[in-house]
Amino acid sequence: MHDAQGVQLQPASDLAYLHGGYGGLLEALERALEGKAPGESIRLQLEPEQAFGEYDETLLRVEPAGRYGDGIAVGMEVEEDSRFYTVTDVAGGKAVLDGNHPIAGMALRFSVQIVNVLSASPKEHRRGKMKVA
């Protein structure tokens with residue numbers, strides 16, 4: 001996965017998922033893979049609203065760092081009000097919490113090679129997912 005300028009955001013890797021709207025992939029990416037066979041490939045750009053949404057500044061919070069104990073550090077996740085926030089800065093007794101997905105607001109480019117297509121087992125259908133390879 002790359003951003004719209006071609007900067008790699010995630011290294012290439014093998015992925016197995018259960019096709020059919022089970023939440024294993026972004027909906028627009030899954031639609032683009034519909035009906036593809038081994039050996040085929042796709043290149044696709046998703047705009048933020050098709051991926052992880054626009055960046056929402058209202059999901060930024062500044063809180064007293066002491067509220068979270070002495071171990072609060074950049075990169076930690078805090079759950080509050082049924083939302084996960086990532087600590088993006090700790091300074092001056094304050095902690096900055098960001099409730100956005102780390103790549104919210106970004107257009108994403110995918111280059112996918114279909115290696116194999118398998119039928120899901122009944123158990124996988126019931127679980128609604130497959131193991132990621």
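The values are calculated or read from the model by the stated rules, or taken from the named source; none is laboratory data. Predicted, not measured: the structure shown is a model, and the values here were computed from it. Methodologically, a virtual Cβ is constructed for each residue, glycine included, from the backbone with ideal geometry; neighbour enumeration extends over all protein chains shown. For accessibility, only protein heavy atoms count, side chains too; no ligands or nucleic acids. Shrake-Rupley method; radii C 1.70, N 1.55, O 1.52, S 1.80 Å.
A few points about this structure:
- Matching option when the condition is among the hydrophobic types (A, V, I, L, M, F, W, C), within 24 Å of residue 107 (Cβ to Cβ) and part of a loop (DSSP other than H, G, I, E, B), among 25, 44: 25
- Qualifying residue in region 86-107 (condition: over 24 Å from residue 4 (Cα atoms) and assigned to a loop (DSSP other than H, G, I, E, B)): yes
- Filter pass, residue 77 being charged (D, E, K, R) and in contact with a Phe, Trp or Tyr (Cβ under 6 Å, 6 or more places away or on another chain): yes
Yes/no matrix, rows are residues, columns are (1) surrounded by 13 or more Cβ atoms within 10 Å (Cβ to Cβ); (2) out of contact with any helix residue (DSSP H, G or I) (no Cβ under 9 Å at 6 or more places or on another chain); (3) free of Cβ contacts under 8 Å to residues at least 24 places away in the same chain; (4) over 30 Å from residue 116 (Cβ atoms):
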{"position": "6", "(1), (2), (3), (4)": "no, yes, no, no"}
{"position": "14", "(1), (2), (3), (4)": "no, yes, no, no"}
{"position": "33", "(1), (2), (3), (4)": "yes, yes, no, no"}
{"position": "81", "(1), (2), (3), (4)": "no, yes, yes, yes"}
{"position": "98", "(1), (2), (3), (4)": "yes, no, no, yes"}
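- Which listed residue is open to solvent by 40 Å² or more (accessible area, probe 1.4 Å), in contact with a helix residue (DSSP H, G or I) (Cβ under 6 Å, 6 or more places away or on another chain), free of Cβ contacts under 8 Å to residues at least 40 places away in the same chain and over 30 Å from residue 124 (Cα atoms), from 71, 66, 93: 93
- Of all residues making up region 52-63, the number that are over 29 Å from residue 28 (Cα atoms) and open to solvent by 70 Å² or more (accessible area, probe 1.4 Å): 1
- Subset of region 108-127 (residues that are of a type outside the set (Lys, Arg), within 18 Å of residue 6 (Cα to Cα), open to solvent by 30 Å² or more (accessible area, probe 1.4 Å) and out of contact with any Ser or Thr (no Cβ under 9 Å at 6 or more places or on another chain)): 110
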